[in-house]
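The values are calculated or read from the model by the stated rules, or taken from the named source; none is laboratory data. All values reported here derive from a predicted model rather than from experimental measurement. No Cβ is skipped: glycine too gets one built from the backbone with ideal geometry, and neighbour counts run over all protein chains shown. Keep in mind that these areas ignore ligands, DNA and RNA; they rest on the heavy atoms of the full protein, side chains included. Shrake-Rupley method; radii C 1.70, N 1.55, O 1.52, S 1.80 Å.
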Amino acid sequence: MRIAVTLVSVSMATSFLLALAVSGAEAQAPNLEGIWQTVNTAAWDIEDHSGSLGIPAGQGVVDGGAIPYQPWALLQEQENFANRATADPLASCAMPGVPRITYMPYPFQILQFDDRILILYEYVHVTRTIYMDGSDHPDGHIDFWMGDSRGRWEGDTLVVDVIHFNDQTWFDRAGNFHSEALHVVERYTLRGPNHIDYEVTIEDPNVFTRPWTMRMPLYRRQEPNVQLLEYECYAYAEEDLAKDK
Amino acid sequence: MQKKIWRKINRFAAISVIALLGAMPVGLFAQQAWEPPRTVDGHPDLQGYWDGGPVNASHSIEDGCCDVIHARMQSRTADRLGLLEPLIIDPPDGRIPYQEWAEVKRTQLLYDMETPTELGHIDPEDRCLLLGAPRSNYRGDLEIRQTKDYIVILYEWAHAYRVIPMDGRSHVAETISMYNGDSRGRWEGDTLVVEAKNFNDQVWLDSHGSFYSDKLRVVERWELIDSDAIRYEATIEDPNVFTRPWTLAFTMGRIGGDDYEFFEEACWEGVTNKHRLAAGRLAVAAGERQLHTHEEESQ
């Protein structure tokens, strides 16, 4: 009898420990699934800026305030700014690159799987697959608009390493730019049920004097019926763009 | 392609065996019915990479494709120009049941596409538009991922995607129209049934001007018939354009190994239609109109 009771206790304890172990394993991967969106003005200008027609004023999202451009690159940025109405790649509805896609004023949906995380963006139906299987970036260089993303968990933070960019995308409407040597590291940390802390480090030895960092919250869209719709930029602009593109 | 043909031969063999076994006592074999792999939610696991519908279908769901030169570019012989088997299974003649006015418009589009003077004359695929359902499913390779609440289909072509809610929510309002439409899914037994509506009228079902209106409704049925094949059926209804609902069907096969990945397929970023429109306008001004045909095939 005593043996039987002991056996039951042992098996209960084992089940309890197993349950703990399982929930512990689950706890290692926070659930980032949902539809998210930024609420800021970084899409227009990631640095501090006053308001102007159609552009809301905003405080910068760059750590330390200014982007550490090399002297030639600062001049290029100023030229980009002057010509932004047509020179911005988004004026012809190209894919925005990373991280600009994150802070476009459109929602995006995160879906998590064992070996990958999908991010689907409403803006021009951009998709990213973040491979979580420990695989390396493919050999390159490859000119991708959205780069090649490989992710891993560092504690509760999703860390995504992105390379293989082309030099065609900007960081914002204000002409902030990079070369194809761009290396982006994104960090997604769930801060509460409805917020993600998004931090992104930018490295590009061709353009900047040192790596620099942007940070902003991502907000969960709360509407019970929220879903991604479509923003088919080039389809809407096609008639105009066919005149001179 | 060879793989696909083999699959079809295998399927034929399987059907023959099943037909033979049909004459024997059912109870003997009932327990051997094929059981699909399932997700943790108990539904068939459709996840992975698939090759979509047959080659040529996106050019014409009625005839297939193409001219001899294109076939040669794609390493296909002249006898591989059309569809291996009809895509449209209902009506039995394999043709789209257009209303009279729609047949006229479609024929006009077969002229216009040769000498486009406006964007609406150019195949939506050449304009990188989202191709909606069902066309996206026979335009190229696709990837299916399932969660408890969603089925996601990623298309390699033009990085298109569909998110299909499975939670029973209602469609978006009638006034919202989209290139890819608005999809809602449910399981009927082991078949994934997706109803799509809220389309706009900008997309064709193939490169042959097979147009529809914003009243289009599509019901898709996705069924895993063996571990490497999905039977796909789409019933298409549009009271503005067709005389009756009609159905196309095909089987798609699994592709890729463990480390298979889609690459980014930017489309619009490399496209210009300016020159095609300019050439089309010049041709029309010179009185040069011609019907899009595949007559080269018989040469």
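Among residues of region A:58-85 that are touching a residue at least 24 places away in the same chain (Cβ under 8 Å) and assigned to a loop (DSSP other than H, G, I, E, B), those with a Cβ under 8 angstrom from a residue that is open to solvent by 70 Å² or more (accessible area, probe 1.4 Å) and among the basic types (Lys, Arg), sequence gap 6+ or separate chain, pair up as A:61/A:215; A:63/A:215; A:68/A:210.
Between B:121, B:59, the distinction of being within 17 Å of the chain's Cα centre (by Cα) and not polar (S, T, N, Q) belongs to B:59 only. For region B:253-283, the tally of residues that are more than 12 Å from chain A (Cβ to nearest Cβ), part of a helix (DSSP H, G or I) and without any contact (Cβ under 8 Å) to a residue 24 or more places away in the chain stands at 1.
So in region A:207-217, with the set limited to residues that are in a loop (DSSP other than H, G, I, E, B) and open to solvent by less than 80 Å² (accessible area, probe 1.4 Å), which one is nearest to the other protein chains (Cβ to nearest Cβ)? Once the filter is applied, the top-ranked residue is A:207.
Quick check: anything in region B:245-259 more than 18 Å from the chain's Cα centre (by Cα), over 22 Å from residue B:150 (Cβ atoms), modelled with pLDDT of 95 or more and open to solvent by 40 Å² or more (accessible area, probe 1.4 Å)? No, there is no match, as no residue in region B:245-259 is more than 18 Å from the chain's Cα centre (by Cα), over 22 Å from residue B:150 (Cβ atoms), modelled with pLDDT of 95 or more and open to solvent by 40 Å² or more (accessible area, probe 1.4 Å).
Is it the case that some residue within region A:162-183 is in a strand (DSSP E or B), among the charged types (D, E, K, R) and within 18 Å of the chain's Cα centre (by Cα)?
Restricting attention to region A:162-183, the residues satisfying the condition of being in a strand (DSSP E or B) are A:162-163, A:165, A:170, A:177, A:183.
From what's left, among the charged types (D, E, K, R): none.
Scanning region A:162-183, I find no residue that is in a strand (DSSP E or B), among the charged types (D, E, K, R) and within 18 Å of the chain's Cα centre (by Cα), so the answer is no.
For region B:189-199, the count of residues that are in contact with a Gly (Cβ under 6 Å, 6 or more places away or on another chain), assigned to a strand (DSSP E or B), of a type in the set (Gly, Ala, Ser) and more than 27 Å from residue A:232 (Cα to Cα) is zero.
Looking only at region A:119-150, residues that are under 12 Å from the mean Cα position of the chain (by Cα) and among the small types (Gly, Ala, Ser) come to 2 in all.
Take the conditions at pLDDT 95 or above and within 22 Å of residue B:144 (Cα to Cα) and apply them to residue A:84. Does it pass?
No; evaluated as a whole, the condition is false for this residue.
The residues listed here are B:201, B:190; of these, the one that is away from every other protein chain (no Cβ under 11 Å), open to solvent by 30 Å² or more (accessible area, probe 1.4 Å) and farther than 29 Å from residue A:31 by Cβ is B:201. Return yes when residue A:200 is aliphatic (A, V, I, L, M), in a strand (DSSP E or B), within 14 Å of chain B (Cβ to nearest Cβ) and open to solvent by less than 60 Å² (accessible area, probe 1.4 Å) and no when it is not. Answer is no for this residue. When region B:81-97 is limited to residues that are open to solvent by less than 50 Å² (accessible area, probe 1.4 Å) and assigned to a loop (DSSP other than H, G, I, E, B), the one that is farthest from residue B:250 (Cα to Cα) turns out to be B:97. Taken together, A:148, A:167, A:172, A:161 contain a single residue that is farther than 26 Å from residue A:29 by Cβ, touching a His at 6+ places or on another chain (Cβ under 8 Å) and at pLDDT 95 or above, which is A:167. Looking only at residues in region B:174-187 that are in a loop (DSSP other than H, G, I, E, B) and within 10 Å of chain A (Cβ to nearest Cβ), the one that is farthest from the chain's Cα centre (by Cα) is B:176. There is no residue in region B:227-241 that is within 14 Å of another protein chain (Cβ to nearest Cβ) and either more than 26 Å from residue A:130 (Cβ to Cβ) or at pLDDT below 95 (or both). Run residue B:214 past the list (1) part of a loop (DSSP other than H, G, I, E, B); (2) touching a helix residue (DSSP H, G or I) at 6+ places or on another chain (Cβ under 9 Å); (3) modelled with pLDDT of 95 or more; (4) surrounded by 15 or more Cβ atoms within 10 Å (Cβ to Cβ) and report the number of the one that doesn't hold. Unmet condition: (2). Scanning region A:218-245 for residues being facing chain B (nearest Cβ under 7 Å) and touching a residue at least 40 places away in the same chain (Cβ under 8 Å) gives a total of 7.
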